[in-house]
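Following: one structure in structure tokens, then a few remarks.
The values are calculated or read from the model by the stated rules, or taken from the named source; none is laboratory data. Just so you know, these numbers come straight off a predicted model, no measurement behind them. Backbone-built Cβ (ideal geometry, glycine too); neighbour counts: all protein chains shown. We work out accessible area using only protein heavy atoms, side chains counted, and drop any ligands, DNA or RNA first. Shrake-Rupley method; radii C 1.70, N 1.55, O 1.52, S 1.80 Å.
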Amino acid sequence: MNLHFKPVLLALRHPFRLATGMRTHTNAVLTEIHHNGQVGFGEAAMPPYYGENHDTATAFLARARDVLQHVRTETLDLETISRIMAEIDAIAPGNNAAKASVDIALHDLWGKQTGQPLWRMRGADAANMPATTFTLGIDTPEVLREKLKEGDAFNIIKVKLGAEDDRSIIRTLREVTDKPIYADANQGWHDREAALDLIFWLQEQGVQLIEQPVPKDHLDDAAWLTARSPLPIIADESFQRLSDLPRVADCFHGVNVKLMKCTGVHEGFRAIQQARERGLKLMIGCMTETSCGIYAASALAPLCDFADLDGCWLISNNPFEMPMLENGRIQLNERSGLGVELKVEKLKGLKVEGVES
Ligand code: MG
């Protein structure tokens, strides 16, 4: 198996303001695994706060390429993918998005070899696809209103809170939409009593869930809120890999599984299964990423309660075909593998470290 990879910069349609700072681009690496005349596509999308970037990912993927070169198998199956990913995982700790880019390409290849869509191979029922959210950053009322128009095809709004005046953001949204809202505090709330008051108020405003209210290691505060909150409290930054599950399971109502955190589809699927066994609610989320990563996550989305898979709608230079939306839900297709097609002419125009490639 031959692994190829290309670092790219994904351009955000709008600079994105979070509790942690402002972003205009995101680092990503596009991967391809070539094997017996077929190609599997993958992607690593790397927001700055998890410590991965073009340098770490390309260094890691150069080592992953050596591992894949020695794989002696004609066709993939679950057991082989599991064995390969264990080897990839053992190369170095961390590098979760880089690992996911290998995992996603392997899953695409596996589907293409067997002629089946990945979602079906992972036991998902397309009829159970949850509606996905459209995310709004923290902004002025005028900009929020403008952005909201771009998310017209989505039926749920996700908003980033954790700013100075969260109530005014919600009031502004409520002036222009009555769509349900998911609120993501991105670890921005530091006083649990004030957070609980706010959550009760948010419930009255039609907010339906709260993501990562408190700093990721403040599990006591998370558990305190979870015991009292009228809305589901979902772990995002507190939950990255499957191995985090026992530590966070009793502190939240649910977890947000993201392929870029948990090294891809293989571990993501196991995380979903094990979280379910513990009675947890499940959200499937994404980074700012191309539709390659979004299609991969969509394959598991029908196994989850909530979907936040709008990453490819937030960038202006997605080199892959966009997913179809119907009634605010991503439509799974019957193509084999991920079901995503690369637009080669767009790939050529993608910037790498600020230089046209
Ligand atoms: Mg989040």
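Here are the numbers:
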| read-out | value |
| --- | --- |
| Which listed residue is modelled with pLDDT of 95 or more, surrounded by fewer than 20 Cβ atoms within 10 Å (Cβ to Cβ) and in contact with a Pro (Cβ under 6 Å, 6 or more places away or on another chain), from His4, His54, His34 | His54 |
| Test set (1) out of contact with any strand residue (DSSP E or B) (no Cβ under 8 Å at 6 or more places or on another chain); (2) part of a strand (DSSP E or B); (3) crowded, with 17+ Cβ neighbours inside 10 Å - His14 fails condition number | (3) |
| Those residues of region 228-240 which are within 16 Å of the ligand (Cβ to nearest atom) and not polar (S, T, N, Q), in sequence order | Leu231, Pro232, Ile233, Ile234, Ala235, Asp236, Glu237, Phe239 |
| Count of residues meeting criterion [of a type in the set (Asp, Glu) and open to solvent by less than 10 Å² (accessible area, probe 1.4 Å)] in region 297-316 | 2 |
| Any hit, region 91-99, residues being among the β-branched types (Val, Ile, Thr) and either assigned to a helix (DSSP H, G or I) or touching a residue at least 40 places away in the same chain (Cβ under 8 Å) (or both) | no |
| Residue match in region 230-244 (condition: basic (Lys, Arg) and over 17 Å from the mean Cα position of the chain (by Cα)) | no |
| Scan of region 56-87 for residues that are over 23 Å from the mean Cα position of the chain (by Cα), closer than 15 Å to His107 by Cβ and part of a helix (DSSP H, G or I), ordered by number | Leu68, Glu79, Thr80, Arg83 |
| In region 223-239, residue nearest to Ile181 (Cα to Cα) [restricted to those that are in contact with a helix residue (DSSP H, G or I) (Cβ under 8 Å, 6 or more places away or on another chain) and surrounded by 22 or more Cβ atoms within 10 Å (Cβ to Cβ)] | Ile233 |
| Residues located in region 202-219, provided they are open to solvent by 10 Å² or more (accessible area, probe 1.4 Å) and either touching a residue at least 12 places away in the same chain (Cβ under 8 Å) or within 16 Å of the ligand (Cβ to nearest atom) (or both) | Gln203, Gln205, Gly206, Gln208, Pro215, Lys216, Asp217, His218, Leu219 |
| Test: Gly137 is closer than 25 Å to Ala45 by Cβ, in contact (Cβ under 8 Å) with a residue 60 or more places away in the chain, open to solvent by less than 10 Å² (accessible area, probe 1.4 Å) and in contact with a Pro (Cβ under 9 Å, 6 or more places away or on another chain) | yes |
| Selection count, region 173-214, where residues are farther than 15 Å from Leu144 by Cβ and among the hydroxyl-bearing types (Ser, Thr, Tyr) | 1 |
| Given (1) in contact with a strand residue (DSSP E or B) (Cβ under 7 Å, 6 or more places away or on another chain); (2) under 30 Å from Asp220 (Cα atoms), number of the condition Phe154 does not satisfy | (2) |
| Complete set of residues in region 116-134 that are crowded, with 21+ Cβ neighbours inside 10 Å, under 16 Å from the mean Cα position of the chain (by Cα) and not aromatic (Phe, Trp, Tyr) | Met129, Pro130, Thr132, Thr133 |
| The one condition in (1) free of Cβ contacts under 8 Å to residues at least 12 places away in the same chain; (2) of a type in the set (Ser, Thr, Tyr); (3) loosely packed, with under 13 Cβ neighbours inside 10 Å that Thr24 fails to fulfil | (1) |
| Breaking point among (1) away from the ligand (no atom under 16 Å from the Cβ); (2) modelled with pLDDT of 95 or more; (3) open to solvent by 10 Å² or more (accessible area, probe 1.4 Å); (4) touching a helix residue (DSSP H, G or I) at 6+ places or on another chain (Cβ under 8 Å), for Gln113 | (4) |
| Pick from region 246-265, criterion surrounded by fewer than 24 Cβ atoms within 10 Å (Cβ to Cβ) and assigned to a helix (DSSP H, G or I), ranking: farthest from the ligand (Cβ to nearest atom) | Pro246 |
| Among the residues listed as Arg270, Arg335, the single one being outside any helix (DSSP H, G or I), among the charged types (D, E, K, R), away from the ligand (no atom under 16 Å from the Cβ) and open to solvent by 70 Å² or more (accessible area, probe 1.4 Å) | Arg335 |
| Complete set of residues in region 158-199 that are of a type in the set (A, V, I, L, M, F, W, C), open to solvent by 20 Å² or more (accessible area, probe 1.4 Å) and farther than 18 Å from Pro215 by Cα | Val176 |
